[in-house]
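No value in this document is a laboratory result; all are computed from the given coordinates. Worth saying up front: this structure is predicted, and the values here are computed from it rather than measured. Glycine also receives a Cβ, built like all others from the backbone with ideal geometry; neighbour counts cover every protein chain displayed.
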Amino acid sequence: DQQVKQNSPSLSVQEGRISILNCDYTNSMFDYFLWYKKYPAEGPTFLISISSIKDKNEDGRFTVFLNKSAKHLSLHIVPSQPGDSAVYFCAAGPQGGSEKLVFGKGMKLTVNP
Amino acid sequence: DAGVIQSPRHEVTEMGQEVTLRCKPISGHNSLFWYRQTMMRGLELLIYFNNNVPIDDSGMPEDRFSAKMPNASFSTLKIQPSEPRDSAVYFCASSLGGAHTDTQYFGPGTRLTVL
């Protein structure tokens with residue numbers, strides 16, 4: 001049973017446009033959420049996180065939105081750049097980090113020049 | 001500054017053989033994680049060490065899998081005997097703190113193929 005779901009396996013957008021990557025979770029105990037980005041032949045790298053006490057967190061071109069009532073979060077990339085082409089993993093866990101993160105299966109983003 | 005180092009990068013072996021994957025975490029990091037990535041199950045935590053002590057091995061799929069961390073700068077994940085269903089990419093990650101939510105720094109992974 002998947003506790004963290006990234007229902008769309010891939011997304012293709014034009015350079016300069018907005019990319020929106022979605023993630024749904026089922027476990028009410030999750031209150032800390034992270035996004036990792038992965039390039040081919042490399043390990044995932046941390047991108048941005050959000051705690052459940054917030055509904056938005058921004059870092060440059062990247063913004064994560066959290067809707068706790070819907071158990072849904074999204075990552076917005078504006079403007080998208082070709083270098084953003086990668087696989088993006090959503091991960092979730094309880095605040096305090098005492099238990100392991102649960103990762104989604106990932107979504108492949110392609111930004112076309 | 002070197003990141004997490006994993007070796008080998010690729011491993012092809014035959015069913016029944018022993019496989020040993022190696023990891024050198026970032027110096028000064030207190031936590032080490034072994035993950036497995038497959039198409040079917042995505043990225044799953046196999047085992048987590050804090051200060052060289054295994055804290056959570058609930059993700060280790062079966063007794064054929066074992067992991068050790070003899071010191072702060074080295075860890076191994078061993079599969080004996082290996083089976084075709086073990087084919088996956090295995091990642092090692094390390095973090096400065098002891099919380100799973102601390103930023104984890106991943107190595108490049110070892111792609112294992114068991115024939």
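General observations
- Tail fraction, Cα-Cα pairs, the protein assembly as shown, threshold 24 Å, whole percent: 44
- Hull-based mean projected area of chain B, where the convex hull spans the alpha carbons, in square nanometres: 6.5
- Mean per-residue shielding of peptide A:101-113 is 3, counting Cβ atoms of other chains within 10 Å of each Cβ.
- Convex hull of alpha carbon positions in chain A: directionally averaged projected area 6.9 nm².
- Whichever lysines have a C-alpha closer than 18 Å to that of A:Lys100, once near sequence neighbours (fewer than 8 apart) are set aside: A:Lys5
- Summing Cβ point charges (Lys, Arg +1; Asp, Glu -1) relative to the Cα centre of chain B gives a dipole of roughly 220 debye.
- For A:Lys54, the lysines whose Cα falls under 17 Å of its own Cα, not counting residues fewer than eight places away in the same chain, are A:Lys68, A:Lys71.
- Anchor B:Lys78: aspartates and glutamates whose Cα lies under 14 Å away (excluding residues fewer than 8 positions away in-chain): B:Glu11, B:Glu18, B:Asp57, B:Glu62, B:Asp63, B:Asp86
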